[in-house]
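Below is one structure, written out as structure tokens, with a few remarks after it.
The values are calculated or read from the model by the stated rules, or taken from the named source; none is laboratory data. Only a predicted model underlies this, so the values are computations on that prediction, with no experimental measurement involved. Positions of Cβ are generated from backbone atoms using ideal geometry, with glycine treated the same way; all protein chains shown enter the neighbour counts.
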Amino acid sequence: MNDDRVLVAPKTPAAGLVPPAGRSIVLVGIMGAGKTSIGRRLAARLGLPFRDADQEIEQAAGCSIAEIFARFGEPAFRDGEKRVIKRLLAAEPIVLAAGGGAYMDAETRAAIRASAVSVWLRSTLPVLLRRVAHRTHRPLLNADNPETVLRRLMAARYPTYAEADITVDCGDETPEATTEAVLRALVEHQPPRRLAVALSHGGYDVVVGEGLLARSGSLLGPVLPQRRAVVVTDEHVGALHATTLASGLTEAGFETGEPIVVPPGETTKSAEAYLALAGALLDRRVERRTAVIALGGGVVGDLAGFAAATVLRGLPFVQVPTTLLAQVDSSVGGKTGINTRQGKNLLGAFHQPRAVLADVAVLATLPGRELRAGYAEIAKAGLIGDAPLFEWCETHAAALLAGDTAVQAEAVWRACAFKARVVGDDEREEKPNDGRALLNLGHTFGHAVEAECGYGQVLHGEAVAVGLGLALRLSARLGYCDASLAERVEAHLDASGLPATMGHLNRRLSAQRLVAHMARDKKVRDGKLAFVLARGIGQAFTSTEVAPEAVLATLRDSGCTD
């Protein structure tokens with residue numbers, strides 16, 4: 001069993017067992033949800049202390065909650081509630097029943113996320129009405145008709161409760177049955193992994209796991225400034241995943257409307273498509289706090305990100321990448337842009353997302369060719385500066401490409417962790433040498449191949465795969481590494497079903513024309529071609545001291561014409 005799970009089995013004693021990594025369990029929900037009765041049973045099953053936040057507050061204040069409300073008002077009560085919950089969670093792991101309004105405080109939610117697993121006990125209005133009947137000690141219930149009060153509280157609180165880690169629906173079943181349901185949910189809970197991208201000003205998390213689209217609202221609620229967003233997707237991805245994403249957002253109280261749908265394919269990264277998207281966003285009357293959520297591959301992410309960077313001089317932006325290529329590369333790092341007739345990504349902006357949700361479950365809908373194209377960027381990350389990652393790739397590529405979601409999640413995590421380190425060190429690619437420019441290994445050749453063949457004719461990952469082999473062949477020609485290094489990498493890419501050499505493209509390309517494309521690449525420095533070369537696996541470096549003759553010779557040896 002995964003060590004990150006609660007080690008309990010329903011209907012068996014669970015004394016002495018603890019939640020994930022020694023974390024507390026916090027039950028949240030509206031009054032009448034059963035937090036105290038379920039919490040006591042759950043604590044007994046897990047062998048943990050039980051604490052009721054309301055009781056702790058009354059004990060500390062020396063009076064009832066009703067008296068605190070009457071004497072000092074609700075703001076004073078909420079302030080004391082926040083301090084009590086922080087104190088309780090700072091000690092040993094416990095099962096805590098939080099007050100109905102406690103989870104509404106952003107600071108309290110942050111404290112719970114940091115040290116506990118939160119469980120929302122969700123109940124319907126009829127169930128709650130039966131349970132709160134004759135309760136006269138609840139100040140909020142005494143303010144109006146109980147049904148009116150509960151409807152108002154449910155409308156206000158349920159979208160925020162949806163941010164809890166786990167949701168368990170509670171009806172008229174017995175407390176024992178609900179406790180069993182909570183235990184099962186804890187056993188089955190697989191929290192997504194979070195990777196922090198640290199930047200000079202703030203940062204964001206890359207969240208990796210399965211089922212993230214369905215939980216999108218709970219994951220994005222804490223990081224977006226407004227519960228209003230516009231989803232941008234393409235025709236293919238929208239048909240597959242837009243409904244799931246919308247449901248996840250709606251549950252957490254987001255207003256999204258219909259998604260903006262763009263045509264699929266690399267040709268959509270154009271000035272015309274950008275202007276159309278920007279106009280569509282303005283037609284929606286977006287505000288400076290309205291988020292743009294890109295649901296799709298790299299094309300959608302780059303296009304939507306560029307629009308988000310420029311409309312109203314900048315809108316909050318979220319990446320929800322649905323291809324392996326986008327999950328491990330374009331969604332992380334804040335590069336956005338469109339293509340022009342002069343080359344790839346020549347118009348764009350650095351615009352960092354507020355979050356990246358990499359749901360590996362959606363990779364099951366990818367064609368095999370797209371999956372292989374994404375894998376090229378994972379192998380590239382290892383070649384640049386993570387030799388253990390490339391060795392891991394050589395061992396696990398077959399399982400990844402066969403659809404093993406656990407292996408895919410690990411690959412996405414490792415590749416993003418590598419890229420996060422590079423981006424954090426050189427956010428805007430300003431270092432004169434190495435730095436973020438290292439991420440372009442294989443790209444100088446690859447972008448030239450894409451431009452010459454026509455965007456969309458050769459997938460980006462396929463062009464990068466060819467470019468990796470050429471970059472290593474050029475490195476060997478210049479004496480930086482042995483030719484066997486290129487042979488090893490090309491053999492691995494070929495075994496993974498990728499075009500590893502120019503010959504695999506089944507096209508006759510001109511070396512001169514490819515170099516001409518490179519001369520217009522944005523990586524040119526002072527008129528000189530910039531290349532990422534390698535001395536070995538994980539030993540890449542940048543260089544502008546590469547003679548065009550060496551590049552031409554490498555291309556000709558690979559099968560290009562003059």
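Just one of VAL320, VAL412 is β-branched (Val, Ile, Thr), in a helix (DSSP H, G or I) and surrounded by 24 or more Cβ atoms within 10 Å (Cβ to Cβ); which is it?
On inspection, the qualifying residue turns out to be VAL412.
Does ARG354 fit the bill of being without any contact (Cβ under 8 Å) to a residue 40 or more places away in the chain and assigned by TED's automatic domain parsing to the domain that holds LEU219? No; evaluated as a whole, the condition is false for this residue.
Listed by first and then second residue, the pairs with beta-carbon distance under 7 Å, at least 6 apart or on different chains, first residue in the stretch 26-49 and at positive phi, second among the charged types (D, E, K, R) and surrounded by fewer than 24 Cβ atoms within 10 Å (Cβ to Cβ), are GLY29/ARG122; GLY32/ARG131.
Among the residues of the stretch 418-442, those that are hydrophobic (A, V, I, L, M, F, W, C) and touching a helix residue (DSSP H, G or I) at 6+ places or on another chain (Cβ under 9 Å) comprise PHE418, VAL422, VAL423, LEU438, LEU439, LEU441. The set of residues in the stretch 502-515 that are polar (S, T, N, Q) and in contact with a Ser or Thr (Cβ under 6 Å, 6 or more places away or on another chain) contains only SER510. The residues listed here are PRO139, PRO159; of these, the one that is in a helix (DSSP H, G or I) and either surrounded by fewer than 21 Cβ atoms within 10 Å (Cβ to Cβ) or modelled with pLDDT of 95 or more (or both) is PRO159.
I need the helices (runs of 4 or more DSSP H) fully contained in the stretch 24-113, keeping only those with at least 3 residues that are surrounded by 14 or more Cβ atoms within 10 Å (Cβ to Cβ), in contact with a Ser or Thr (Cβ under 6 Å, 6 or more places away or on another chain) and modelled with pLDDT of 95 or more. Steps first, answer last, please.
Numbers: elements: 35-46, 53-61, 65-72, 74-90.
Because the criterion is at least 3 residues that are surrounded by 14 or more Cβ atoms within 10 Å (Cβ to Cβ), in contact with a Ser or Thr (Cβ under 6 Å, 6 or more places away or on another chain) and modelled with pLDDT of 95 or more, the helices (runs of 4 or more DSSP H) in the stretch 24-113 that meet it are 35-46.
Within the stretch 20-63, the only residue that satisfies the criterion of being hydroxyl-bearing (Ser, Thr, Tyr) and under 27 Å from PRO192 (Cα atoms) is SER24. Looking across the stretch 415-444 at every residue that is touching a residue at least 40 places away in the same chain (Cβ under 8 Å) and in a loop (DSSP other than H, G, I, E, B), the one that is nearest to GLY467 (Cα to Cα) is identified as GLY442.
With the requirement that a residue be of a type in the set (A, V, I, L, M), over 26 Å from ALA291 (Cα atoms) and part of a helix (DSSP H, G or I), what does the stretch 337-392 give you? Answer for the stretch 337-392, where residues must be of a type in the set (A, V, I, L, M), over 26 Å from ALA291 (Cα atoms) and part of a helix (DSSP H, G or I): ALA364, LEU371, ALA373, ALA376, ILE378, ALA379, ALA381, LEU383, ILE384, ALA387, LEU389.
For the stretch 382-400, filtering for residues that are more than 19 Å from ARG436 (Cβ to Cβ), in contact with a helix residue (DSSP H, G or I) (Cβ under 6 Å, 6 or more places away or on another chain) and of a type in the set (A, V, I, L, M, F, W, C) leaves 4.
Checking VAL261, VAL311, VAL286 one by one, the residue that is more than 21 Å from CYS416 (Cβ to Cβ), in contact with a helix residue (DSSP H, G or I) (Cβ under 7 Å, 6 or more places away or on another chain) and part of a loop (DSSP other than H, G, I, E, B) is VAL286 and no other.
If the requirement is being of a type in the set (Lys, Arg), outside the structural domain of GLN352 (by TED's automatic domain parsing) and over 18 Å from LEU27 (Cα atoms), which of these qualifies: ARG131, ARG184, ARG152, ARG157?
After applying the criteria, what remains is ARG152.
In the set ASN506, ASN433, only one residue is surrounded by fewer than 22 Cβ atoms within 10 Å (Cβ to Cβ) and more than 30 Å from the chain's Cα centre (by Cα); that residue is ASN506.
I need the full set of residues from the stretch 527-542 which are crowded, with 17+ Cβ neighbours inside 10 Å, closer than 17 Å to LYS431 by Cβ and of a type outside the set (A, V, I, L, M), in order please. Answer for the stretch 527-542, where residues must be crowded, with 17+ Cβ neighbours inside 10 Å, closer than 17 Å to LYS431 by Cβ and of a type outside the set (A, V, I, L, M): PHE531, PHE541, THR542.
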